[in-house]
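**Q** Got a structure here, written out as structure tokens. Questions coming.
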Number of protein chains: 2
Amino acid sequence: MANSFTEENYLKIIHNLSGPEGVEVSTNALAEGTSTRAASVTDMLKKLAEKQLINYKKYQGVTLTDEGRTLALKIIRKHRLWEVFLVETLGFGWDEVHDIAEELEHIPSDRLVDRLAAFLGNPQFDPHGDPIPDAKGNMPAANYLKLSEVVEGDKVVIMGVLDHETPFLQHLDRSGVTLGCQLEIKEINDYDKSALVQIDAVKTLFISQEVSKNLLVQRL
Amino acid sequence: MANSFTEENYLKIIHNLSGPEGVEVSTNALAEGTSTRAASVTDMLKKLAEKQLINYKKYQGVTLTDEGRTLALKIIRKHRLWEVFLVETLGFGWDEVHDIAEELEHIPSDRLVDRLAAFLGNPQFDPHGDPIPDAKGNMPAANYLKLSEVVEGDKVVIMGVLDHETPFLQHLDRSGVTLGCQLEIKEINDYDKSALVQIDAVKTLFISQEVSKNLLVQRL
DNA sequence: ACTTATTTTTAGACCTATCTAAAATTTTTC
DNA sequence: GAAAAATTTTAGATAGGTCTAAAAATAAGT
């Protein structure tokens, strides 16, 4: 009755795609998220529904059951704790840890997770600014906005990223954009929606809409 | 062309069963070691031979090729480093870490292993006294003897254990036997080969042959 | 609303790792 | 050295996770 590596991945991805409101996730979105074909997704959804981990009606998309969400949050907790470990303890860059954490998140043992969390000082956020659920599955719901949603004149702080892949994060590193840095929006271009911003009142640069869609910020 | 979790386990177990001299390992011994049936082992041996990781001739048992041994040593290195991490960093007991390390040993990423080793101070031995291969696969060949092989009057130091399971290690804990403690062999009973020993010149107790067969020692 | 396009599901197949039962080989015993 | 015992391999089956191609259901366009 244990859950496989693959099942755990589905639950995690359903959670991530259904957002804080828990909206229905489509088969195609899951195929994209799991890098498989829609037909494979359908098969897996049947199995997860069988196990009462998701609510599934043909052609209607899926949502997590309470049990499914609990499991998903455990995986997410592990993923984010391991990311903190990799960055804080082992000295990896925030652009290097996603793929390794994808593996580590499937290591079982509640005792391991709890001891890891304690060792790390029960961190609340991972290196990408994502909140870390506690052992009971409670996760602070941060309501940030995307940088692509702000207007000229706004002053904001970078709180998180939506893309965790190496190329995006390396691009941010090269641009000098890190968590916690302050941005003043000087100008937003009409034709391509790119933003001219000043970082920490020092450096000025353009941020493309492509990038600003993946940056989470909070107004000052 | 990557190697599966299962393949890695076979290589590790072949290494452990073939000892320092690299003797042939039988199909049945592997069935025992992998908790599967002999028929399943045969199938896997064919696949590993196909990949040139083992030398395999029907009915003749197997040995590792150089490539297979290199891979096996990488798995063993990871297993033992993670055990050090679990005990030294997270505070687990030496009796709790074997099963968790069995999972962690299959996490890929050479960078992870090297950084973990560096963080731990490049330890030479794991919490059970087993030597840890370095990044190049060199492992110090310690030639310890079993406690069951010593004679009356010998003074020895506990250097390692052959059974890594919780019940055995908890039994040692309850007996006050730890790595590095000194034993003087007072008497060996003829009928059941149990040994009367004095620990650290303080405490005296009987150790059954069952137990002494699983204790590695070095003469003083 | 009816046709077309898109999404999703079914049907049938494959691969990996496992199993049982039976056949083949090696080892042991007398 | 032949018969019995033990070991190992083959043959055929099953379960998990994936695929392609085709059918079914839903959504969109005019």
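**Q** Quick check on my filter: what residues within the range A:31-55 are of a type outside the set (Gly, Ala, Ser), surrounded by fewer than 14 Cβ atoms within 10 Å (Cβ to Cβ), in a loop (DSSP other than H, G, I, E, B) and more than 8 Å from DNA strand C (Cβ to nearest atom)?
**A** A:GLN52
**Q** Are there any pairs with C-beta distances below 8 angstrom linking a residue in the range A:30-52 that is without any contact (Cβ under 8 Å) to a residue 60 or more places away in the chain to a residue that is of a type in the set (Gly, Ala, Ser) and buried (at least 17 other Cβ atoms within 10 Å of the Cβ), with the two at least 6 apart or on different chains, and if so which?
**A** That search, which allows pairs on different chains as well, returns A:LEU48/A:GLY68; A:GLN52/A:GLY68.
**Q** Here is a further query. Name the single residue, out of those in the range B:18-30 being small (Gly, Ala, Ser) and surrounded by 15 or more Cβ atoms within 10 Å (Cβ to Cβ), that is nearest to B:THR65 (Cα to Cα).
**A** Of everything passing the filter in the range B:18-30, B:SER18 is nearest to B:THR65 (Cα to Cα).
**Q** Restricting the range B:133-171 to residues that are surrounded by 15 or more Cβ atoms within 10 Å (Cβ to Cβ) and part of a helix (DSSP H, G or I), which is modelled with the lowest pLDDT?
**A** Residue satisfying both the conditions and the ranking: B:SER148.
**Q** Please verify whether B:SER18 is among the small types (Gly, Ala, Ser) and under 30 Å from A:GLY91 (Cα atoms), treating the condition exactly as stated. It would help to see each step written out before you state the result.
**A** Details: among the small types (Gly, Ala, Ser): yes; under 30 Å from A:GLY91 (Cα atoms): no.
It is false that B:SER18 is among the small types (Gly, Ala, Ser) and under 30 Å from A:GLY91 (Cα atoms).
**Q** Applying the selection to the range A:196-220, what residues are in contact (Cβ under 8 Å) with a residue 12 or more places away in the chain, among the aliphatic types (A, V, I, L, M) and outside any strand (DSSP E or B)?
**A** A:ALA201, A:VAL211, A:LEU220
**Q** While we're on this one: Does the range A:110-126 contain at least one residue that is surrounded by 18 or more Cβ atoms within 10 Å (Cβ to Cβ) and within 23 Å of A:VAL217 (Cα to Cα)?
**A** yes
**Q** What number goes with the only condition from (1) crowded, with 17+ Cβ neighbours inside 10 Å; (2) assigned to a helix (DSSP H, G or I); (3) free of Cβ contacts under 8 Å to residues at least 24 places away in the same chain; (4) away from DNA strand D (no atom under 16 Å from the Cβ) that B:HIS15 does not pass?
**A** (3)
**Q** Across the range A:53-62, which residue is nearest to the other protein chains (Cβ to nearest Cβ) among those that are more than 10 Å from DNA strand D (Cβ to nearest atom) and in contact (Cβ under 8 Å) with a residue 12 or more places away in the chain? Let's see the steps before the verdict.
**A** Step one: of the range A:53-62, the residues more than 10 Å from DNA strand D (Cβ to nearest atom) are A:53-56, A:62.
Narrowing further to those that are in contact (Cβ under 8 Å) with a residue 12 or more places away in the chain: A:53-54, A:62.
Details: A:LEU53: 22, A:ILE54: 26, A:VAL62: 28 Å.
My answer is A:LEU53.
**Q** For the range A:187-195, indicate whether the set of residues that are surrounded by fewer than 17 Cβ atoms within 10 Å (Cβ to Cβ), polar (S, T, N, Q) and not in a loop (DSSP other than H, G, I, E, B) is non-empty.
**A** no
**Q** Would you check which residues across the range B:71-105 are at the interface with chain A (Cβ under 8 Å from one of its Cβ atoms) and not in a helix (DSSP H, G or I) and list them?
**A** Answer for the range B:71-105, where residues must be at the interface with chain A (Cβ under 8 Å from one of its Cβ atoms) and not in a helix (DSSP H, G or I): B:LEU90, B:GLY91, B:PHE92, B:GLU96.
**Q** Output the qualifying pairs, or none if there are none: Cβ atoms under 7 angstrom, residues six or more apart or on different chains, first residue in the range B:108-122 and at the interface with another protein chain (Cβ under 7 Å from one of its Cβ atoms), second residue in a helix (DSSP H, G or I) and hydroxyl-bearing (Ser, Thr, Tyr).
**A** Close Cβ pairs satisfying both conditions: B:PHE119/A:THR89.
The values are calculated or read from the model by the stated rules, or taken from the named source; none is laboratory data. Since we're looking at a predicted model, the values are computed, not measured. We place every Cβ from the backbone using ideal geometry, glycine too, and count neighbours over all the protein chains shown.
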